[in-house]
Amino acid sequence: MKVRVQSQDFDITAEINDLRSGRTDIGAIVTFTGLVRDFHGDHIVRKMTLEHFPGMAEKQLREICQTAEGRWPLQGITVIHRHGPLKPGDQIVLVIALSAHREAAFEAAEFIMDWLKTDAPFWKKEETEQGAEWVAAKESDSQKCKKWQE
């Protein structure tokens with residue numbers, strides 16, 4: 001398992017190649033990449049700033065990944081989350097899940113993202129033509145996590 005919180009961008013291909021290097025037991029690689037959109041509702045987003053609680057963010061991401069490893073037969077996980085100022089089109093988060101079978105890899109990646117959105121200590125501020133505003137957590141993200149509690 002690899003978990004990083006960093007300000008610099010990441011290379012998806014390099015991360016995949018690093019995770020699967022020399023492995024022949026992998027039948028599925030599922031990735032999710034979150035990007036900064038240039039809109040939020042009907043407002044144009046000019047910039048987003050992501051803040052985190054250093055040390056706590058990494059710890060929480062590791063715990064989410066450990067839970068995923070306990071639920072699905074995975075051969076590897078990488079989670080990278082950026083912080084700092086970002087502009088539309090920039091990459092924010094990368095989740096890679098490797099498994100012998102696609103179902104486990106898909107479900108694990110979805111699980112990790114759902115819990116990351118609700119449990120990891122990250123906060124985002126968006127700058128639009130109306131000014132800067134901290135973005136509140138969405139109820140829909142909390143609802144998505146409920147399916148994993150069954």
Fewest-first sequence of His40, His52 by Cβ atoms within 10 Å of each Cβ: His40, His52
Considering all projection directions equally, how large on average is the shadow of the alpha-carbon convex hull of the chain, in square nanometres? 9.0 nm²
For the chain, with +1 on Lys and Arg beta carbons and -1 on Asp and Glu, the positive-most of Ser7, Val36, Trp134 along the dipole: Ser7
May I ask for the net charge around Lys125, where only other residues with Cβ less than 10 Å from the Cβ of Lys125 are counted and Lys, Arg are +1 while Asp, Glu are -1? -2
I'd like the trypsin sites (Lys or Arg not before Pro) in region 5-79 restricted to DSSP loop residues with at most 13 other Cβ atoms within 10 Å, sorted by number. Arg23, Arg37
One finds the C-alpha centres of region 22-53 and region 72-150 to be spaced, in Å, by 7 Å
Among the trypsin sites (Lys or Arg not before Pro) within region 105-150, which fall in a DSSP loop and have no more than 12 other Cβ atoms within 10 Å of their own Cβ? Lys138
Across Lys47/Lys147; Lys59/Lys146; Lys59/Lys124; Lys2/Lys47, pairs whose alpha-carbon gap is larger than 26 Å: Lys47/Lys147; Lys2/Lys47
So for region 83-150, using the alpha carbon gyration tensor with a ≥ b ≥ c as root eigenvalues (a/c under 1.5 gives rounded; past that, a/b versus b/c decides prolate or oblate), I'd call it oblate
Sort Phe122, Phe106, Phe39 so the one with the fewest other Cβ atoms within 10 Å of its own Cβ comes first. Phe39, Phe106, Phe122
Place a point 7 Å from the Cα of Ser140 in the direction of its beta carbon; the residues of region 59-83 whose amide N falls under 12 Å from it are none
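All of the numbers you see were taken from the coordinates with simple rules; none came from a lab. What you see is a predicted model; the values in this text were computed from it and never measured. We place every Cβ from the backbone using ideal geometry, glycine too, and count neighbours over all the protein chains shown.
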